[in-house]
Structures are given as structure tokens and as C-alpha cells.
1. Return the pairs, sorted by first residue and then second, in which the second residue is in a loop (DSSP other than H, G, I, E, B), the first residue lies in region 192-216 and is open to solvent by 50 Å² or more (accessible area, probe 1.4 Å), the beta carbons are less than 8 Å apart, and the residues are 6+ apart or on different chains.
2. Can you tell me which residue in region 395-427 is farthest from the chain's Cα centre (by Cα), limited to those that are within 11 Å of the ligand (Cβ to nearest atom) and among the basic types (Lys, Arg)?
3. If we only count strands (runs of 3 or more DSSP E) wholly inside region 56-149, which ones have 1 or more residues that are surrounded by fewer than 18 Cβ atoms within 10 Å (Cβ to Cβ) and at pLDDT 95 or above?
4. Just to verify a result, which residue in region 210-257, among those that are hydroxyl-bearing (Ser, Thr, Tyr) and assigned to a loop (DSSP other than H, G, I, E, B), is nearest to Ala307 (Cα to Cα)?
5. Could you tell me whether region 309-319 includes any residue that is within 12 Å of the ligand (Cβ to nearest atom), of a type in the set (D, E, K, R) and farther than 16 Å from His405 by Cα?
6. Is at least one residue of region 336-348 modelled with pLDDT of 95 or more, out of contact with any Cys (no Cβ under 6 Å at 6 or more places or on another chain), within 16 Å of Trp410 (Cβ to Cβ) and within 16 Å of the ligand (Cβ to nearest atom)?
7. Considering only strands (runs of 3 or more DSSP E) fully contained in region 258-305, which possess at least 3 residues that are in the same structural domain as Phe346 (by TED's automatic domain parsing) and open to solvent by less than 30 Å² (accessible area, probe 1.4 Å)?
8. Could you identify the single residue in Ile63, Ile84 that is among the β-branched types (Val, Ile, Thr), in contact with a strand residue (DSSP E or B) (Cβ under 9 Å, 6 or more places away or on another chain) and in contact (Cβ under 8 Å) with a residue 12 or more places away in the chain?
Amino acid sequence: MDNDTNSLKATRPQRTKILYVEDDPASIVLVHRVLESEGYQVVTVSDGLSAVDIATREMPDLILMDININGLDGYEVTTRLRSIEDMRWVPIVAVTAATLRGDRERALIAGCSGYIPKPIDVDKFPDQVRSFLLGTTEEIESAEEKAEYLIEYSHRLVDRLENKLHELETAHAELQRMDKMKTDFIIIAGHELRTPLTTIYGYAQILQSNPDLSGSPDEVGSPRFIIEKMVEATMRLNEVIGDILNVSMIDADKLELAMRPVFLKSLVRKAVRSVTNTAPDRGLIFEIKGVDDLPPVMGDSQRLYQALWNVASNAAKYTPNEGRVRITGRQIEDTPGTCGLKATRFVQIAVQDSGVGIPPDEQEHIFDRFYVLEDTALHRSSKTAFKGGGLGLGLTVARGIVEAHGGRIWVESEGRDEDRLPGSTFHILLPMGNPS
Ligand code: ADP
């Protein structure tokens, strides 16, 4: 681009911008044609909620407002815009086919500067627009009439609000019903899948224990290799079904806990053993500190193990080879309500890794169902390989379990950086004593 074009661009006066809120295609074409031939820039939007967004973003010099639009209607959009500082003095002109008595007054009460009836008169329209751009504002002369229309308008708003709330309540009830159907379906499907899987697993194990089976687990294609892979795959499938069932039960508040005093030190050690056994070649160093003297918590040891395992295996998965994972336990005396929890005495387990870290704005989402940060196109399922993906349910299950125990789980991390490796620390807070 040469300098002349640049300077031309810089000095060209900005065209007057008009926002047209309208959903009727024929009116849009007509108004565009008339106003653009007058040199105005016209932006169109067809529903009430978007109109508020676009008006505040585009900052038009004038708004032409159809009243009968979807979502918020034209009156409501006008009232909403008038509550925004920057929109207080922008001319808003009602353009509508409504021909009921008092339509002009209703538009003025809602905050419009004036009223142009539809169909627009093509000859007069540019002058009408120009006049509003120059500051014309219409008024309701009679104070009594004004008060009457104000009352009518506020009643109408409350009516609309009430109807919307009813609609929302109905939609919410319907969503809950469908959500329950989905959860019931997953639970039934999970159980139905598990039954034949247990049979396959049982028979595969019988074959696996047959000493006459030829070959070895490392001899690709040999009967021993094939059966080992079948057992492995069946176990993995069983875990996936288990995770899906667990999340459904957590969602449906159906997680059953067998509560008894649990010593976390043995669960932590067992989880670390299991994770290191499945990743012997990763060179990860696990340190455990402060768990030996921890008092017992009341809990379901199998479930708590699962939560710890999920967090510890994530620490392994998102830490490169030769990295460190430090698990620390401590006892916390808290004043009531500080953590938003009922209990006042807690055991806290922190799982700190030297891995890739988690961006601050994702730290809450990673506990959501099926939420994974990695590109799903590059997904490769693995329990312990570096960045080996899962279903995105591990932390959902961990949170469900910890919260069912009256505890809390959260993460702290500076952010994700695969070169600098800022690491992440997951904190699990579990109440001591019986959660009521
Ligand atoms: P998955 O079972 O697929 O790993 P999770 O629910 O356990 O799913 O984790 C969700 C996401 O949280 C993962 O995709 C990962 O990006 C991120 N994440 C979990 N733990 C860590 C960690 N220790 N370090 C970095 N990212 C993590």
C-alpha cells in the first residue's frame, strides 16, 4: 500500500453509524438501501439480547428499534440500553408496524427518543432520521398520561418476568428429567456391559494361568502374548466402565461409602507403589513426607484410595521422565467455616509434581466431566505415559469422592509450560471425625 492510500484512509471522515434492530428481511433490505444511499453505515441485528451486545460494542450514532423482536422486545432493549452510561444519550427511535393506540407513548416511556410508524415513507425517512440525529426528542406532554403509561409499562415488565421465570422453571425441570434419564441409562448400560466383560475376563484369566500356553508376553503374536494383551485390555475396559459408572453415581448422589477409620499413610503408599509399578521406565522419583503420624479420617478406604490414585497417576502422567512427585501430609486445625466446610479439623494431603503445570483459567474446569486440556485429536490412552490421555473423568471422580467425604480438592499451579515445568500441586482436605 502506498503513502497516498494511507493518508487517504487516515483522513476519510467516519460515516455516521446506524444500528437497525429488526427481524423482518424485507424491512432490512429497504432501510439498508435508503440509508446507505444517504451515506450512512448501517449495522443490523435481529434479536433483543444480541442488540444490547452489539449496541454497546458498535457505539452507533443512532438506533432504529423494531418493537416486536425475539428475546427482549424493543421496549425492553431500549430500557436496558438507557441504563448503560454510554447509551444514555444515543437517539433510539422506535420503528414499528404496531398501530395500537398509545404505541408512541409506550416507546417514549421505555426510553425511545421518538417514533417512526411502519411502513416507512421512503421519501420522508431520511429527513426523519436526520432530525433525530440532530437531537430531536419527543415527549409525552401530559404528566398524568405519562404516569399511567409508566405504571402500565412496569406491570407489563413484571408480567413478562413472571412468565419467563415460569418458562425457565419448566425448562429446568425438563432438563433435570432428561439428565436423570441419561444417568439411569449410563448406570444400566454400564452394568450390562460389565456382566459379559466379567465373563470374558474370567475365561481370559483361566487361559492366562495355563502353564502349557506357549510363547512369552514379549513374543509378539504368541498365544501367551495374545492372552496377556486380552487380559490387559479387559482390565482397562473394566476401569473405563468403572469411571463412567462412578461419575454417574456421583452425579446422581448415589455414591455409597463404607465409612470407617482410615489411615491415609497406607493408602498413599499403596497408590505410589501402584503408579510406580505401572511406570517403571519413567524414572520418576516419588517422595512421601508427613503421612506416618497422621490421625485417621472417617472414610471409605477403597474410594479414598481411588481418589489418591487418580491424583498421583495424573502427577506421573503430566511430569516428564526423571521428574519428581512429592506427597506431603499434615494436620490442620481450622476455625469453623473458614474453608466453607462443616468440620474444623482436617487432614491435608498435597500432591506436588514437577510437571507441565495447569493454566490458571483451566484449574476449575479440569474437575469437570470429560474435560481434558490436551488436543483430543492427539489423544492416546495411557495410565502413566507422559501426557497419556484418559477420559477426562479422573479428577471428576476424585472430586466427587472427596466431597462425598465432606472434604475439598483443588489445584494450584503457575500455568502450563512444557519447557519451564512449573508443576502443579493438588490439595486434598479431608475432615477428621464423622462427617454429619
Ligand atoms: P484424565 O483421566 O483424562 O487424565 P483428569 O480428569 O484426570 O482426566 O484430568 C483432566 C485434565 O487435567 C487432564 O487432561 C490434564 O490436562 C489436566 N491435569 C490433571 N492433572 C494434572 C497435573 N498433575 N499436571 C498437569 N495437568 C494435569
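The values are calculated or read from the model by the stated rules, or taken from the named source; none is laboratory data. Keep in mind that what you see is a predicted model, and the values were worked out from it rather than measured. Counting neighbours? That spans all protein chains shown, and the Cβs are built from the backbone with ideal geometry, glycine included. Areas reflect the complete protein model, heavy atoms only, side chains present, ligands, DNA and RNA absent. Shrake-Rupley method; radii C 1.70, N 1.55, O 1.52, S 1.80 Å.
1. Leu207/Leu213; Ser214/Ser222
2. Among those that are within 11 Å of the ligand (Cβ to nearest atom) and among the basic types (Lys, Arg), it is Arg416.
3. Correct list: empty, since no element meets the threshold.
4. Residue satisfying both the conditions and the ranking: Ser216.
5. Within region 309-319 (the criterion being within 12 Å of the ligand (Cβ to nearest atom), of a type in the set (D, E, K, R) and farther than 16 Å from His405 by Cα), the answer is yes, since at least one residue qualifies.
6. Within region 336-348 (the criterion being modelled with pLDDT of 95 or more, out of contact with any Cys (no Cβ under 6 Å at 6 or more places or on another chain), within 16 Å of Trp410 (Cβ to Cβ) and within 16 Å of the ligand (Cβ to nearest atom)), the answer is no, since none of the residues qualifies.
7. In region 258-305, no matching strands (runs of 3 or more DSSP E) lie anywhere.
8. None of the other options fit; the residue is Ile63.
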